[in-house]
Amino acid sequence: MLVFIWIIVSLSTNNGALGQEEKCEQQPDYCVSLSTTITAEAGLCAVIPCSFKSKFEPKVIIWSKCENPQNRCTYSDRVFHSDKSNTDVQPGFKGRISLLEPDVTQRNCSIIINDLRKSDSGYYLLKVEGDGSGEKYSYTVSYTNLSVKDLNQKPEVKIPPLIEGQQVTLSCTAPGFCSGSPPKITWMWRRKGEKDSHIQGNITASKTENLTAVTQSHSSTLTFKPSAENHHNTNITCRVSFTGNETRKRTETLNVNYFRKPQIFGKTTVKEGDDLNLTCSVDSFPPSFIKWTKVGTETDLQSNILNKSYNSTQTFLNESPHNSSLLIINVTSEDAGRYICTATYQNDTLTEEVIVHVTSNHVTHCGVGCAALPWAIAGVSLSVNVLCMIYIWLLW
């Protein structure tokens, strides 16, 4: 004798199950447990956790989709049949629904619906056929509605720290954990001043199964060597396309860690009383710590005002993320010397130095004696020449 258990089940809108509960006939030997609400999104999948208890031996599990929950599903409403030889199911569901546990004697009626479409919304009826004690049973539980909405989940992009010149691997994981049609994953990257270009990545899939769910994630990896000139502060996008033109993407900004040698700009020869203005520039990400030192001093140069009078020496430091400017107003000869700019970046340190020359504005004022000096020297020279000529004549 065949025994029938009829269950009307509905699905809701996210990839999850809420409030699984058990309902039984008056005799507790026939019970069905299933989630009261199932949620999902288009392009992904929905799992209906379902199990039952019975004294009879189950043989076949059939699922049907009904338009009206008040009416029983008809033969033409079938969307799944556990007997693979029976292919009489709605064409749009062929190959998209499967049991999590193929062995129906385990009394696990959970199914997974892959490649969800908005048209999958509706009410679902479970029918179990088996050999029993000669009795016929009918079982109906409350239903919920399957409302498939647009795909809202975005892919997950993981970017490890990017260090210039060191090979790195980025990963992009498609939203959802379904065993249906694998999505198409595309990387897009835009070089500064250029249009988006497609990059080929390596696509992998990992699968995990248990009695209540099947999860299969799809991801793509992208391996390259980053450089500051080409990749820093540029955008990379991972786009995932599912069946039914459901597409989602995520864009992230690449920040490359790099460090350049300091450069010093400004005039290194100044006159007394003028201003010395030197700028140390360090190109790095993240920004470096920059300091100025003068050889022969024990402390780093800091902003200070030695005297508020106009003619006194004043030292200022103007700092920004990538620059440190040293300004000395009204320089003196004591300000001459070797100046060092030191840039500290994480565990690295680089330096650059310049020698500052201070020229004097002092002018020597001469009297009459200064003007007569050249003539006196010339006279001595002339006397020497005359003596030499006389000496030569005597020898002749």
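The values are calculated or read from the model by the stated rules, or taken from the named source; none is laboratory data. All figures in this text were calculated on a predicted structure; none of them were measured in a lab. Counting neighbours? That spans all protein chains shown, and the Cβs are built from the backbone with ideal geometry, glycine included.
Looking for something in contact with a strand residue (DSSP E or B) (Cβ under 7 Å, 6 or more places away or on another chain), over 19 Å from C50 (Cα atoms), surrounded by fewer than 19 Cβ atoms within 10 Å (Cβ to Cβ) and of a type in the set (S, T, N, Q) - is there at least one such residue anywhere in segment 82-105?
Yes, the conditions are met somewhere in segment 82-105.
Could you grab me the full set of residues in segment 251-262 that are touching a residue at least 24 places away in the same chain (Cβ under 8 Å) and exposed (fewer than 14 other Cβ atoms within 10 Å of the Cβ)?
Initial filter on segment 251-262 (touching a residue at least 24 places away in the same chain (Cβ under 8 Å)): 252, 254-262.
Within segment 251-262, K261 is the sole residue that qualifies.
If the Cβ limit is 9 Å and pairs must be 6+ apart or interchain, which residue in segment 349-361 that is within 25 Å of I290 (Cα to Cα) pairs with which residue that is aliphatic (A, V, I, L, M) and exposed (fewer than 13 other Cβ atoms within 10 Å of the Cβ)?
Partner pairs satisfying both residue conditions: E353/V295.
Filter segment 89-146 down to residues that are at pLDDT 80 or above, part of a loop (DSSP other than H, G, I, E, B) and within 28 Å of G244 (Cβ to Cβ), then give me how many there are.
16
I'd like the residue in segment 333-347 that is under 21 Å from K267 (Cβ atoms) and of a type in the set (A, V, I, L, M, F, W, C) and, out of all such residues, is surrounded by the most Cβ atoms within 10 Å (Cβ to Cβ).
C341
Please tell me if F265 is among the aromatic types (F, W, Y) and loosely packed, with under 14 Cβ neighbours inside 10 Å. If you could, list the steps in order and put the result at the bottom.
Details: among the aromatic types (F, W, Y): yes; loosely packed, with under 14 Cβ neighbours inside 10 Å: yes.
In short, yes.
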